Amino acid sequence: MSSLELDKVSVAYGNIQAVHEVSLSVRQGAVVCLLGANGAGKSSLLNAIIGLIPLRGGKISWQGRDMTGTRAFEAVRQGLSLSPEGRRLFPGLTVMENLAMGAYRQTRGDTAVSLERVFGLFPRLKERARQRAGSLSGGEQQMCAIGRAMMSNPSLLLLDEPSLGLAPKVIGDVARAITEINATGVTILIVEQNAKLALRLSEYAYVLETGRVALHGPSKELIDDPHVRAIYLGGVATA
Ligand code: ATP
């Protein structure tokens with residue numbers, strides 16, 4: 001069953017059209033990735049899915065429900081959550097306070113359950129709970145951003161560049177957490193410039209080029225695609 005469906009979605013900022021009639025679908029329970037160079041329109045698409053920016057055209061549905069025109073606060077109520085590019089934490093607030101921001105619509109009991117789950121995924125956040133987010137390492141900040149997105153107990157998690165600027169070991173920790181989140185039944189759409197990582201984590205991939213879907217297919221096949229290899233994997237063999 002396909003749970004997220006985009007039908008000819010377009011996004012524009014004034015005269016700049018960032019996304020042109022993109023259609024894609026994400027199976028319930030899958031990890032799907034969206035690859036593309038800087039400015040290809042990946043973040044615009046994620047932000048449009050969660051209702052942070054309006055569509056210029058097209059339709060979005062989630063679990064059979066029409067989400068076109070739905071605003072972000074309502075999308076969160078429908079089970080969507082976004083960990084944005086650049087993390088967007090409140091550096092002066094503690095880890096705990098940042099996490100609490102993600103649970104604003106939950107009851108106190110639900111918040112406690114979500115918090116335990118986030119601390120289970122990222123034990124380091126528990127150790128640093130009272131530390132200001134601005135004092136965390138880049139990897140810990142990324143964990144905090146994903147943790148905050150998980151605090152609303154989403155069924156669809158949108159991850160924008162979770163590996164950006166992180167050291168290889170930390171990328172491994174974040175990748176393991178993503179796999180663990182998915183194993184609990186959360187559907188994940190992940191935007192990444194690290195194509196190798198994204199293709200390893202996902203079952204299906206879409207490649208965006210100047211706002212259009214240039215290529216799509218099972219991740220295992222795209223790893224061997226000459227175009228993907230040349231442009232996104234630096235021409236190296238990955239086997
Ligand atoms: P990156 O990895 O650099 O974030 P991206 O693939 O996520 O790239 P977008 O950030 O979605 O791409 O940008 C797509 C296009 O839309 C680019 O041409 C960008 O300059 C433009 N754009 C993005 N945000 C805005 C904005 N707020 N106002 C005007 N143009 C924008």
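The values are calculated or read from the model by the stated rules, or taken from the named source; none is laboratory data. A quick note: this is a predicted structure, and the numbers were derived from the prediction, not measured. Glycine also receives a Cβ, built like all others from the backbone with ideal geometry; neighbour counts cover every protein chain displayed. Just so you know, the surface numbers come from the protein's heavy atoms only, side chains and all, with ligands and any DNA or RNA stripped out. Shrake-Rupley method; radii C 1.70, N 1.55, O 1.52, S 1.80 Å.
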**Report entry** Mean accessible surface per residue for the chain, computed with a 1.4 Å probe while every protein chain stays in place, in Å²
**Finding:** 46
Query raised in the report: Once the other residues with Cβ under 15 Å from the Cβ of Glu21 are scored (Lys, Arg +1; Asp, Glu -1), what is the net sum?
Result: +1
Query raised in the report: To the nearest 10 Å², what's Lys126's accessible area with a 1.4 Å probe?
Result: 110
Query raised in the report: What nm distance separates the two modelled labels at Lys59 and Gln131, each placed 7 Å from Cα along Cα→Cβ?
Result: 4.8
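Reported to two decimal places, what Rg/Rh ratio describes region 148-189 when computed on Cα atoms with Rh from the Kirkwood expression? Please list the in-between numbers first.
Values: Rg = 10.6 Å, Rh = 10.9 Å.
Taking Rh as the inverse mean 1/r over Cα pairs, Rg/Rh reads 0.97.
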Report task. Over region 81-153, with every protein chain in place, what whole percent of the accessible area is carbon and sulfur at 1.4 Å, could you tell me? Result -> 52
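How big is D for region 112-239, in µm² s⁻¹ as a whole number, if Stokes-Einstein is applied with the Kirkwood radius of its Cα pairs at 10 °C and 1.306 mPa s? Numbers along the way, then the final one.
Numbers: Rh = 15.8 Å.
In µm²/s, the coefficient rounds to 101.
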Report task. Mind checking the full-extension length gain between Glu74 and Asp224? Use 0.36 nm per residue of separation minus the Cα-Cα distance, one decimal, nm. Result -> 50.0 nm
Query raised in the report: To the nearest 10 square angstrom, how much accessible area does Asp224 have with a 1.4 angstrom probe?
Result: 100
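About its Cα centre, what dipole magnitude does the chain give when the only charges are +1 on Lys and Arg Cβ and -1 on Asp and Glu Cβ, stated in debye to the nearest 20? Present the calculation step by step, with values, prior to reporting the outcome.
Values: 26 positive and 21 negative charges, 114 e Å.
Approximately 540 debye in magnitude.
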Query raised in the report: Summing +1 for each Lys or Arg and -1 for each Asp or Glu, what net charge is found among the other residues whose Cβ lies under 11 Å from the Cβ of Ala205?
Result: -2
Report summary line: Along principal axes, largest first, the alpha-carbon spread of the chain in whole Å comes out as 47, 41, 35
Query raised in the report: Considering the Cα trace of region 81-153, what is its radius of gyration and what is Dmax, both in angstroms?
Result: 10.8, 30
Query raised in the report: Hey, in the GNM for the chain with a 10 angstrom Cα cutoff, which one of Gly165, Gly39, Gly14 fluctuates hardest?
Result: Gly14
Query raised in the report: So how strong a dipole does region 81-153 carry about its Cα centre when Lys and Arg Cβ are +1 and Asp and Glu Cβ are -1, to the nearest 20 debye?
Result: 100
Report summary line: From highest to lowest solvent-accessible area (probe 1.4 Å; ligands, DNA and RNA excluded), Ile223, Ile146, Ile16 read Ile16, Ile223, Ile146
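Per DSSP H run of at least 4 residues, take -39500 (n - 2.57); add these up for the chain, divide by its residues and hand me the 222 nm value, nearest 500 deg cm²/dmol.
For the chain, the value works out to -10000 deg cm²/dmol.
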